[in-house]
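One structure is given below, encoded as structure tokens.
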Amino acid sequence: MKTASASLLLKPGKERSLQRRHPWVYASAVAGVVGDPGNGALVAVRGSDRRFLAWAAYSPGSVIRARCWSYAESDVVDGRWLALRVAAAVQRRRELWSGTNAARLVFGEADGLPGLVADRYDDTLVVQIQAAGVDAHRDELLDALCAASGCAKVFDRSDAALRTREGLADSGGVLRGPAPPETVRIREHEVDYAVDIRRGHKTGFYLDQRDSRLALARRVRAFVQVHGRGPRVLNCFCYTGGFSLAAARAGAAEVISVDSSADALALAQRNAALNGLAETGASPAPVRLDWVCGDVFEQLRLLRERGQSFDFIVLDPPKFATNQHQVERAARAYKDINLSALRLLAPGGSLLSFSCSGAIEVDLFQKIVAGAVIDSGVDCYLRGRLGAGADHPTLVTHPEGEYLKGLLLERM
Ligand code: SAH
């Protein structure tokens, strides 16, 4: 694909979004197509006056009809150009490697590569190729990723539903190198985790919570210094134990972790053992770890009935709202768990409360949590805001990319 012969012409007045550097062209904005571009082909997007606006990848079957590569007409968008974007994305993350050997290397739109996600787990790359434009350049992108990262193993975890919407065939499994082992071992801020890249959520691990796991560990350490004892921690929606083990390693006395997935809990327990935090035949565990397979909504109520209280509570639920229509119902669910959690918080205790629903903006999330604070009668300071780390950058012109938000509350 060297020069684009095809163009997308926009309807009058629909130029504004591209001029504001928002990278998506919706089908409803397109007046017509000049030429016969295939799925994923390079097209020039032009205004109603035929003025050049952007180079983009064409997705004829998708509501997002084109995703922009570049706003400069002089750019020659080809495999070499895309490879440079990959190299820049990997370079942008260079400071992360002192704390971990697992991080996101490419985050779609934020790295100028819409539809491509690439996560590194030690020496293995796990990719998601979910838009026609990046699919059309798959081999060049993989070559560039391997060259920039030094990894030779690539595993595909593309979402089948998203690929179907883009008119792409199913894909998945080994793309480069040998088949990955059952689990890949990573180390993040001195905690080891086994990651199931074949079957785990997302690409295997919630890399986006790295900074918040560290924030929790730091606060747990500070707690131990001030109080001379380890705190009691409740980790709701614990998945494979991310926050639980970060807290345990930092000196928590007791961690209760709740998740509805037995598989996730089994790996969480393996991860505890990996870090010498589980009981072995010869010696007792250095910390009390309880893994509860159940529904968080129910478990929070049960803990209250039992008169329990905690110095730290983490609420990191799955996405309650996947679109605008679900916002109201999701808001009630967020309020419910936050209310129940606040009632379990010891005086001086901290609540780390998250939402990864893109449809719920940070202001709304804060209002929901404030509502829970008022109804619970548990007065709190807002001690900080939490979010994804530097490997999940946000384009200021594409706020949809910022899906994860967190509030750090401290009970008065
Ligand atoms: N905090 C985790 C990621 C949480 S992902 C980390 O840092 O790794 C959300 C988790 O919530 C998933 O593991 C899913 O199994 C679990 N889950 C979803 N609905 C649930 C419910 N109602 N009760 C308990 N767990 C639930």
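No lab work stands behind these numbers, since they all come straight from the coordinates. Just so you know, these numbers come straight off a predicted model, no measurement behind them. Cβ sites come from the backbone with ideal geometry, for glycine too, and all protein chains shown count toward neighbours.
Here are the numbers:
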{"read-out": "Peptide ranges 396-403, 52-59 listed from the most packed, as the mean C-beta count within 10 angstrom indicates", "value": "52-59, 396-403"}
{"read-out": "Helix 362-376 vs. the chain, principal-axis angle (Cα, 0 to 90°, nearest 10)", "value": "20 degrees"}
{"read-out": "The chain: angle of helix 262-274 to the longest principal axis, Cα-based, in degrees nearest 10", "value": "70 degrees"}
{"read-out": "Fraction of beta bridges assigned by DSSP in the stretch 132-256 that are antiparallel (%, nearest 5)", "value": "75 percent"}
{"read-out": "Angle between the chain longest axis and helix 296-305 axis [Cα atoms, degrees, rounded to 10]", "value": "20 degrees"}
{"read-out": "Computed [θ] at 222 nm, deg cm²/dmol, the chain (DSSP H ≥ 4; -39,500 (n - 2.57); rounded to nearest 500)", "value": "-9000 deg cm²/dmol"}
{"read-out": "Relative packing of peptides 121-130, 340-349, 72-81 - highest average C-beta neighbours within 10 Å first", "value": "121-130, 340-349, 72-81"}
{"read-out": "Selection from S158, L407, Y239 lying farthest towards where the dipole of the chain points positive, charges on Cβ", "value": "L407"}
{"read-out": "Relative contact order of the chain, pairs being alpha-carbon contacts under 8 Å that are 6 or more residues apart, as %", "value": "11 percent"}
{"read-out": "DSSP bridge orientation in the chain - percent antiparallel, rounded to nearest 5", "value": "65 percent"}
{"read-out": "Taking the stretch 155-262 and dividing mean pair separation by its residue count, relative contact order in percent (alpha carbons under 8 Å, at least six apart)", "value": "18 percent"}
